[in-house]
Amino acid sequence: MIKIRGFVTSSQPETGFMNPRVQVIFFLKLRIATVFYYNSFGINFNLMASVSIIIPVLNEATCLERTLRQLSILNPPAWEILVVDGGSQDDTVAIALTSTTRVIVSSMPGRSVQMNLGAKTATGEILCFLHADTLVPSDIVTVIQKTLSDTEIVGGGFISLMAGSQQTRWGFSLHNYLKTYYAPLLFRPHLFLKGLRLLFGDQVIFCRRTDFWECDGFDAALPIMEEADLCLKLVRRGGKIKLVHRVVESSDRRVAHWGELKATAIYLAIGFLWGFGVSAKYLKQFYEDIR
């Protein structure tokens, strides 16, 4: 008996199914039939689509190292990790260069501009946009691949648990979860029925690269609410947004800086005013940068 690449053969020629060549042909046909079966029901059988993780940064030295360290243990790993810097004046770029990530320098600051630049550079089939102060589960690549294996899903995100060094913001986290549903139901009910769920940056939005560019990516003119705007465009193009029932941990630094009452008032005011059509450029004045 001789073992060749997992098949058992002998010095005598095998006949029927025991013939290695017959076995190879059989399993190839089985694979093709399985793919055809799943595709006939609108399910993409290929769960191995490559995932590019894009991180827009600006003066994020205090949290970027921890985020990159966590990304280094993803299983399976991401196809690539791109850090897009908007002109940091601290050690952000130096920290990024010590890891295996690719660093891209944007000529203009702004999350929309930086994320679009990262998307143009990315080579993965799926784009995942991650904030520098957000931690993700180690199996996020598999979760994203499985979610987008359903061809009716055009994008998705996660449940954001807001936490800091001293406490977990359970109330804010619950509101963010509910907002994913009640905001589109209140302000875009016709799109809600078509599958709209409003996701924001700390929820780690992901979508296929082809769908992203067919929607012209993020609106570079928007200083805030660019993720919600992308959700609108993706659903209008056709498909559903899915809130994956897995948790990512985002920093509570904005709430810690503002205080809970002020943060609640600002979040609600911006959300409702945007829903009623107030310009994101006007609303940006109430949403100061916190580092």
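The values are calculated or read from the model by the stated rules, or taken from the named source; none is laboratory data. The structure presented is a predicted model; accordingly, all values stated were derived computationally and were not measured. Backbone-built Cβ (ideal geometry, glycine too); neighbour counts: all protein chains shown. With ligands, DNA and RNA removed, areas are computed over all heavy atoms of the protein, side chains included. Shrake-Rupley method; radii C 1.70, N 1.55, O 1.52, S 1.80 Å.
Okay, residues lined up against (1) crowded, with 22+ Cβ neighbours inside 10 Å; (2) touching a residue at least 12 places away in the same chain (Cβ under 8 Å):
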| position | (1), (2) |
| --- | --- |
| 193 | no, no |
| 196 | yes, yes |
| 199 | yes, yes |
| 202 | yes, yes |
| 205 | yes, yes |
| 213 | no, yes |
>> Need the failing condition index for residue 130 against (1) out of contact with any Asp or Glu (no Cβ under 8 Å at 6 or more places or on another chain); (2) over 21 Å from residue 63 (Cα atoms); (3) open to solvent by less than 20 Å² (accessible area, probe 1.4 Å), just the number.
In response: (2)
> From the residues in segment 69-79 that are open to solvent by less than 40 Å² (accessible area, probe 1.4 Å) and assigned to a loop (DSSP other than H, G, I, E, B), which one is farthest from residue 138 (Cα to Cα)?
Replying inline: 78
> Hey, residue 136 hits all of (1) without any contact (Cβ under 8 Å) to a residue 12 or more places away in the chain; (2) open to solvent by less than 40 Å² (accessible area, probe 1.4 Å) but one; which does it fall short on?
Replying inline: (1)
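Of all residues in segment 162-192, which are basic (Lys, Arg) and farther than 19 Å from residue 265 by Cα?
188
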>> List pairs: first residue in segment 48-68 and closer than 15 Å to residue 212 by Cα and among the hydrophobic types (A, V, I, L, M, F, W, C), second residue open to solvent by 10 Å² or more (accessible area, probe 1.4 Å) and in a strand (DSSP E or B) anywhere in the structure, Cβ distance under 6 angstrom, at least six positions apart or on different chains.
In response: 53/81
> Among 275, 271, which is the only one that is open to solvent by less than 50 Å² (accessible area, probe 1.4 Å), out of contact with any Phe, Trp or Tyr (no Cβ under 7 Å at 6 or more places or on another chain) and either closer than 19 Å to residue 161 by Cα or not acidic (Asp, Glu) (or both)?
Replying inline: 271
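Each row is one residue, and each column tells you yes or no for (1) in a loop (DSSP other than H, G, I, E, B); (2) open to solvent by 20 Å² or more (accessible area, probe 1.4 Å); (3) β-branched (Val, Ile, Thr).
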{"position": "56", "(1), (2), (3)": "no, no, no"}
{"position": "59", "(1), (2), (3)": "yes, yes, no"}
{"position": "62", "(1), (2), (3)": "no, yes, yes"}
{"position": "67", "(1), (2), (3)": "no, no, yes"}
{"position": "83", "(1), (2), (3)": "no, no, yes"}
{"position": "112", "(1), (2), (3)": "no, no, no"}
>> Restricting to segment 145-177, name every residue that is closer than 17 Å to residue 248 by Cβ and open to solvent by 60 Å² or more (accessible area, probe 1.4 Å).
In response: 146, 170, 174, 177
> When the residues of segment 44-54 are filtered to those that are loosely packed, with under 15 Cβ neighbours inside 10 Å and not polar (S, T, N, Q), which remaining residue is modelled with the lowest pLDDT?
Replying inline: 45
>> Take residues that are of a type in the set (D, E, K, R), more than 16 Å from the chain's Cα centre (by Cα) and farther than 25 Å from residue 283 by Cα and tell me which of the helices (runs of 4 or more DSSP H) falling wholly in segment 144-252 contain 1 or more.
In response: 209-214, 226-237
> Among the residues of segment 91-105, which ones are at pLDDT 95 or above, outside any strand (DSSP E or B) and in contact with a helix residue (DSSP H, G or I) (Cβ under 7 Å, 6 or more places away or on another chain)?
Replying inline: 91, 92, 95, 96
> Which is farther than 21 Å from residue 132 by Cβ, open to solvent by 20 Å² or more (accessible area, probe 1.4 Å), out of contact with any His (no Cβ under 6 Å at 6 or more places or on another chain) and touching a residue at least 12 places away in the same chain (Cβ under 8 Å), of 240, 262?
Replying inline: 240
>> Regarding segment 194-205, can at least one residue be identified that is touching an Asp or Glu at 6+ places or on another chain (Cβ under 6 Å) and of a type in the set (Val, Ile, Thr)?
In response: yes
